[in-house]
Amino acid sequence: MSIIYVLIPIAVLLTAIGIYIFFWAVKTEQFDDLEKQGMSILFDDKTIEKKENNSKGDSVTSQQEKQE
């Protein structure tokens, strides 16, 4: 029965740590883009870079084309 006095504070402490880590992850935007990592294995790196550049605007892509 005395073990309960040890296990309950440990359970409360672990729960508080888990909640803190969850809110930290949300605050630091860890859950913003969940699909990008899953899709990255399906495409070449160059394809992903081109898509990202196209979404930034035409001026960025035209500058890159001039450099190449």
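The values are calculated or read from the model by the stated rules, or taken from the named source; none is laboratory data. Here the structure is a predicted model, which means the values were calculated and not measured.
Per the listing 46, 56, 66, the residue uniquely among the basic types (Lys, Arg) and at pLDDT 65 or above is 46. Can you find a residue that is in a helix (DSSP H, G or I) and modelled with pLDDT under 75 anywhere in region 11-34? Scanning region 11-34 turns up at least one residue that is in a helix (DSSP H, G or I) and modelled with pLDDT under 75.
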